[in-house]
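First the structure, in the form of structure tokens, and then the observations on it.
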């Protein structure tokens, strides 16, 4: 609950709404160097990081590092396509995950979450165009 | 429904999955199955979500089993006609006790919701919400274990084919040894005994998990089973066919001088 309140994606939700969606998230631990998601694989879940760091690779090249409060995995859930990046645990990692079957109704029911996801993807698109 | 029942009372596949119901049926028919409980998919999901009441309920049921435990997934559509989830969903051997069960159940729940499991589901046209029941049983410490086909899965001949190795059967299932190979005819006569090359045995370790242990040199090529044990396995095969029907794929273990049934399913078209 406290973790989700700190996640910018859910910042506009009321405490009651955060409590509701917190029930849908499940903790998942990854050991250091473990692959969390793999580029090209089908996507099962969306994750927010509670503790630890994760490294993002595209085509084998490191793109960025994710930290507590960051989220990942939403794109493959939105288009039911393949993962666009490989993410590995840069340290022991504790995430809270939401599966496709809970993620979709959550986004459909919460315009503010959908809007923030769009903003996040717009940023990614712009960054990709700017090289 | 968030339910835990003794294995022998697991009757509803849609709640507990085919593995749990299959083992429940085996116990009801008097087959030698290690004691255990079946957890419904809903209670496994509740435990993975950290629901205290669900965790307490599971611990209450599992504590009498003692430890160590074998915790096996039993997906509702696992091993069904359309697709097999073997290899997708996790089995955890040697979970030390009921107190360690929450993280084991969480790992199993996530294995059914992993990217690889979902990719597999998409490929076989089963892109639906997975439900994973679980079987928790007392973990045996077998002298030998392996698999048995009640009908030859390669030639189709009407004979038992048995593969055996030292320790837990995972050495055979995971293909990390060349197991002993036996063929037994319908009357129980031994047709073939070919020793394997069993350099390692999978064993439980204190504190949880399993380890590949080096097998003493004199046992590497020694047969695990004598004719008397082969006779017991033949009788187990006969009973399994009486209960479940012909052409069965059986996982078995020999512990404390007794043969146990760990799993029984239909032989798939391509064998294992």
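The values are calculated or read from the model by the stated rules, or taken from the named source; none is laboratory data. The structure displayed is predicted, hence computed values, not measured ones. No Cβ is skipped: glycine too gets one built from the backbone with ideal geometry, and neighbour counts run over all protein chains shown.
What the table below lists for this structure:
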{"item": "Filter result for residue B:150 (in the same structural domain as residue B:36 (by TED's automatic domain parsing) and either farther than 30 Å from residue B:61 by Cα or surrounded by fewer than 20 Cβ atoms within 10 Å (Cβ to Cβ) (or both))", "result": "no"}
{"item": "Residue in the stretch B:122-138 that is farthest from the other protein chains (Cβ to nearest Cβ), counting only those that are crowded, with 19+ Cβ neighbours inside 10 Å and over 18 Å from residue A:98 (Cα atoms)", "result": "B:137"}
{"item": "Residue B:87 modelled with pLDDT under 95 and part of a loop (DSSP other than H, G, I, E, B)", "result": "yes"}
{"item": "Residue in the stretch B:199-221 that is in a loop (DSSP other than H, G, I, E, B), free of Cβ contacts under 8 Å to residues at least 24 places away in the same chain and farther than 30 Å from residue B:92 by Cβ present", "result": "no"}
{"item": "Residue A:29 surrounded by fewer than 18 Cβ atoms within 10 Å (Cβ to Cβ), within 9 Å of another protein chain (Cβ to nearest Cβ) and in contact (Cβ under 8 Å) with a residue 60 or more places away in the chain", "result": "yes"}
{"item": "From the options A:7, A:36, residue that is modelled with pLDDT of 90 or more, surrounded by 19 or more Cβ atoms within 10 Å (Cβ to Cβ) and closer than 30 Å to residue A:60 by Cα", "result": "A:36"}
{"item": "Extreme residue, nearest to the other protein chains (Cβ to nearest Cβ), among residues of the stretch A:32-51 that are under 14 Å from the mean Cα position of the chain (by Cα) and part of a loop (DSSP other than H, G, I, E, B)", "result": "A:44"}
{"item": "One residue from B:224, B:240 being touching a strand residue (DSSP E or B) at 6+ places or on another chain (Cβ under 6 Å), touching a residue at least 12 places away in the same chain (Cβ under 8 Å) and either part of a helix (DSSP H, G or I) or not assigned by TED's automatic domain parsing to the domain that holds residue B:174 (or both)", "result": "B:240"}
{"item": "Options B:207, B:175; residue that is modelled with pLDDT under 95 and under 19 Å from the mean Cα position of the chain (by Cα)", "result": "B:175"}
{"item": "Within the stretch B:42-74, considering residues that are assigned to a helix (DSSP H, G or I) and closer than 16 Å to residue A:27 by Cβ, the one farthest from the chain's Cα centre (by Cα)", "result": "B:52"}
{"item": "Residue check, residue A:24 part of a loop (DSSP other than H, G, I, E, B) and farther than 21 Å from residue B:110 by Cβ", "result": "no"}
{"item": "Failed item in (1) more than 8 Å from every other protein chain (Cβ to nearest Cβ); (2) free of Cβ contacts under 8 Å to residues at least 40 places away in the same chain; (3) buried (at least 21 other Cβ atoms within 10 Å of the Cβ), with residue B:107 passing the rest", "result": "(3)"}
{"item": "Yes/no for residue A:78 being away from chain B (no Cβ under 11 Å) and either surrounded by 16 or more Cβ atoms within 10 Å (Cβ to Cβ) or part of a strand (DSSP E or B) (or both)", "result": "yes"}
{"item": "Among (1) within 14 Å of another protein chain (Cβ to nearest Cβ); (2) buried (at least 19 other Cβ atoms within 10 Å of the Cβ); (3) at negative phi, the one test that residue A:56 misses", "result": "(1)"}
{"item": "Qualifying residues in the stretch A:108-121 (those that are in contact (Cβ under 8 Å) with a residue 24 or more places away in the chain and more than 28 Å from residue A:34 (Cα to Cα)) - the one surrounded by the fewest Cβ atoms within 10 Å (Cβ to Cβ)", "result": "A:112"}
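A quick yes/no check of all residues on (1) buried (at least 19 other Cβ atoms within 10 Å of the Cβ); (2) away from chain B (no Cβ under 14 Å); (3) part of a helix (DSSP H, G or I):
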| residue | (1), (2), (3) |
| --- | --- |
| A:69 | no, yes, no |
| A:87 | yes, no, no |
| A:97 | yes, no, no |
| A:101 | no, no, yes |
| A:123 | no, yes, yes |
| A:126 | no, yes, yes |
